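What follows is one structure encoded as structure tokens, with my remarks underneath.
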Amino acid sequence: MKRTSAWIKFGGLVVVTAVLAVAFTSIVDIPTTTVAQPPTSFLSNPTPQQRVIPAAQPLEELGTAFTAVAETVRPAVVYVDGQSRQQTQRAADPFGMFRNQTRQRMCGDGSGFIISDDGYILTNNHVVQDCDRVDVRLFDQRIIQRATIVGRDRLTDVAVLKVEEDGLPFLGLGDSDSVSVGQWVVAVGNPLGDAFSFTVTAGIVSGRGRRLDGLRDPDDPARGLSIHDFIQTDAAINRGNSGGPLVNIRGEVIGINSAIASETGFYAGYGFAIPINLARNVADQLIASGRVTRAQLGVSIQEVTQEIADYVGLDEIRGVLLVGFNGENTPAEQAGLVPNDVIVELDGQEVQYVAQLQQVVGFKRPGEYVEVTVQRKGGERSSHRVRLSEADTDPERTLASSEPEEREDTGSSFEQLGISVERLDRRSATQLGLPRSIETGLAVMSVDQDGPADGKLATSLPRQGRLEIITHVNERRVETVDDLENAMRDVRDGEVVLVQSVLITSDGGITDRPVFIRAQGGRR
């Protein structure tokens, strides 16, 4: 009986203990995970919303814009593959017949872009010049063989191709006159050949109105190109990019990539594009007639310097100096313009530099009239109505350079100009074979280094056929040393002196040119 009672008490104690244990765990909420179970991974948790950095938002939007531009532009860019037939010597075939063997060689490869849905393509002249066959590969890898060369203009390095396809993607042309230094641009092309086709690079417009004197006419390396208004960009451009588009952030073409400035032949930070307004004018004429007609004033011109601006009383360095005329009775000469005029306006628009004037006149048609405003010594202004004539399409030949000739420093010295001169009489002129129009004057025999005339007048090198002959100073004829002394007698220190000279080069070229020199010393 006692044992039964003990078991009953023990059983009740176990039940009470179990009840208390259940109550305790429900209150404390002890985890049910055992040691053997792996912990829950943070990767299975929902990903928190990505943090947005407000300052980086404009960059993200810019990146999105570049992507959109690339997606829009690339389909209209083409790879241009030019080939030419090269004949070899005649050879006998196994049947004893003689025949001319020919083989294809690559004459140029580069880029281009489609400007109409029916297959007109813009590229560079130097990409397709001398090519007998031009094939075009589209962005979708289709190859269109034997594109037609509609026309090419070597002076502006612009060429137009045509492929017989319809419904092609094409690019809109923007306004290169509205381009500003510092704005974003994108270049698309095929740098370094087929391996890197349809490459996209981005940068900014680094400069405008750039002149590249080193560019040669591919049809005649002795000649220079006439375009002096390149758009400069730091967007990476290499060989093979030639002919490709330079576009703004809206995807509009503002230039044709054409050249780089580099000592190695590869990109060094300086790329240059032909302004699309100039290229469009050329392309329209090539498509319409296969040739380009240009208007001209019939003048030789150069940039204005500080000395020239001071001479005519300009408050800023701008405008274009009229050096002379390109022939007899040119339009400008007939209208009353004279050498040493500074052209400051054309049709009411301010003229800033040479390339701007060239483009504005070049966009006109022969026979049109323009209003030319010039400024002369003392600030005198006058306007002239000029009827434009058709320009000769052949560019001027570049002057031949020569090595400095060792010679003794002889002649009468003029410290105000930093030169020494010798009289050129009729007998000497005849012995040198000079034309009758240059029978007297003062030959420049030396130019002082770092003197006022350094870099402006050239030292005469008779043995090499180069002469610099001064004919007028401040519009006064000088034939002797005394004439020059009299002309310089009243010149004050720092005053700008107009020296009219004739430069005769070793290739027989004769150039009348005004030279503006700031005198040192003299009256104070």
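Determine which single condition residue 165 fails, assuming it passes every other condition in (1) in contact with a Leu (Cβ under 9 Å, 6 or more places away or on another chain); (2) acidic (Asp, Glu); (3) within 18 Å of residue 242 (Cβ to Cβ).
Residue 165 satisfies every listed condition except (3).
Evaluate the following for residue 368: is it charged (D, E, K, R), modelled with pLDDT of 90 or more, within 22 Å of residue 229 (Cβ to Cβ) and open to solvent by 10 Å² or more (accessible area, probe 1.4 Å)? Please lay out each step first, then the result.
Working: charged (D, E, K, R): yes; modelled with pLDDT of 90 or more: yes; within 22 Å of residue 229 (Cβ to Cβ): yes; open to solvent by 10 Å² or more (accessible area, probe 1.4 Å): yes.
Here the answer is yes, as residue 368 does meet what is asked.
In this structure, does residue 332 turn out to be touching a Pro at 6+ places or on another chain (Cβ under 7 Å) and either among the hydroxyl-bearing types (Ser, Thr, Tyr) or buried (at least 18 other Cβ atoms within 10 Å of the Cβ) (or both)?
Judged against the criteria, residue 332 is not a match.
Give the residue, chosen from 276, 317, 256, 260, that is aliphatic (A, V, I, L, M), open to solvent by 20 Å² or more (accessible area, probe 1.4 Å) and in contact with a helix residue (DSSP H, G or I) (Cβ under 6 Å, 6 or more places away or on another chain).
317
Of all residues in segment 147-161, how many are at pLDDT below 95, open to solvent by less than 30 Å² (accessible area, probe 1.4 Å) and over 18 Å from the mean Cα position of the chain (by Cα)?
Qualifying residue count, segment 147-161: 2.
Matching residues to (1) hydroxyl-bearing (Ser, Thr, Tyr); (2) in contact (Cβ under 8 Å) with a residue 24 or more places away in the chain:
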position	(1), (2)
477	no, no
482	no, no
492	no, yes
497	no, yes
500	no, yes
503	no, yes
506	yes, yes
513	no, yes
520	no, yes
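Being over 26 Å from residue 292 (Cα atoms) and in a strand (DSSP E or B): is that true of residue 185 here? Spell out how you get there, then give the answer.
Working: over 26 Å from residue 292 (Cα atoms): yes; in a strand (DSSP E or B): yes.
Yes; evaluated as a whole, the condition is true for this residue.
Could you list, ordered by first residue, the pairs with Cβ atoms under 6 Å in which the first is in segment 130-144 and within 21 Å of residue 76 (Cα to Cα) and without any contact (Cβ under 8 Å) to a residue 60 or more places away in the chain and the second is open to solvent by less than 20 Å² (accessible area, probe 1.4 Å) and assigned to a loop (DSSP other than H, G, I, E, B), at least 6 apart or interchain?
Cβ pairs passing all conditions: 134/147; 136/147; 136/163; 144/163.
Condition check ((1) modelled with pLDDT of 90 or more; (2) under 28 Å from residue 280 (Cβ atoms); (3) not polar (S, T, N, Q)) across all residues:
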position	(1), (2), (3)
308	yes, no, yes
322	yes, no, yes
372	yes, yes, yes
376	yes, no, yes
380	yes, no, yes
383	yes, no, no
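Cβ-Cβ below 9 Å, separation at least six or inter-chain, first residue in segment 186-204 and open to solvent by 60 Å² or more (accessible area, probe 1.4 Å), second among the hydroxyl-bearing types (Ser, Thr, Tyr): which pairs?
192/199; 194/79
How many residues does segment 486-524 hold that are open to solvent by less than 40 Å² (accessible area, probe 1.4 Å) and either β-branched (Val, Ile, Thr) or at pLDDT below 80 (or both)?
Number of matching residues: 11.
Among all residue pairs at least 6 apart or on different chains, which show Cβ distances below 8 Å where the first residue, located in segment 268-289, is without any contact (Cβ under 8 Å) to a residue 40 or more places away in the chain and the second is part of a helix (DSSP H, G or I)?
none
Which of the residues that make up segment 331-371 are outside any loop (DSSP other than H, G, I, E, B), within 29 Å of residue 474 (Cβ to Cβ) and in contact with a Leu (Cβ under 7 Å, 6 or more places away or on another chain)?
331, 332, 342, 343, 346, 357 - these are the residues of segment 331-371 that are outside any loop (DSSP other than H, G, I, E, B), within 29 Å of residue 474 (Cβ to Cβ) and in contact with a Leu (Cβ under 7 Å, 6 or more places away or on another chain).
Please go through segment 443-485 and pick out each residue that is open to solvent by 50 Å² or more (accessible area, probe 1.4 Å) and closer than 13 Å to residue 416 by Cα.
Correct list: 448, 450, 454, 485.
Please find, within segment 286-299, the residue that is nearest to residue 123 (Cα to Cα) out of those that are open to solvent by less than 40 Å² (accessible area, probe 1.4 Å) and part of a strand (DSSP E or B).
Ranking the candidates gives 295 first.
Could you please let me know if residue 250 is assigned to a loop (DSSP other than H, G, I, E, B) and either under 20 Å from the mean Cα position of the chain (by Cα) or exposed (fewer than 15 other Cβ atoms within 10 Å of the Cβ) (or both)?
So residue 250 fits the description; yes.
Say we look at segment 378-388 and pick out the residues that are out of contact with any Leu (no Cβ under 8 Å at 6 or more places or on another chain) and on the phi < 0 side of the Ramachandran plot; which of these is least open to solvent (accessible area, probe 1.4 Å)?
382
Go through segment 138-162 residue by residue and tally those that are in a loop (DSSP other than H, G, I, E, B), over 17 Å from residue 290 (Cβ atoms) and not charged (D, E, K, R).
Looking only at that region, the number is 4.
Out of all the residues in segment 166-174, is one or more at pLDDT below 90 and in contact with a strand residue (DSSP E or B) (Cβ under 9 Å, 6 or more places away or on another chain)?
No, there is no match, as no residue in segment 166-174 is at pLDDT below 90 and in contact with a strand residue (DSSP E or B) (Cβ under 9 Å, 6 or more places away or on another chain).
The values are calculated or read from the model by the stated rules, or taken from the named source; none is laboratory data. Just so you know, these numbers come straight off a predicted model, no measurement behind them. Because the Cβ atoms are built from the backbone with ideal geometry, glycine has one as well, and the counts that use them run over all protein chains shown. With ligands, DNA and RNA removed, areas are computed over all heavy atoms of the protein, side chains included. Shrake-Rupley method; radii C 1.70, N 1.55, O 1.52, S 1.80 Å.
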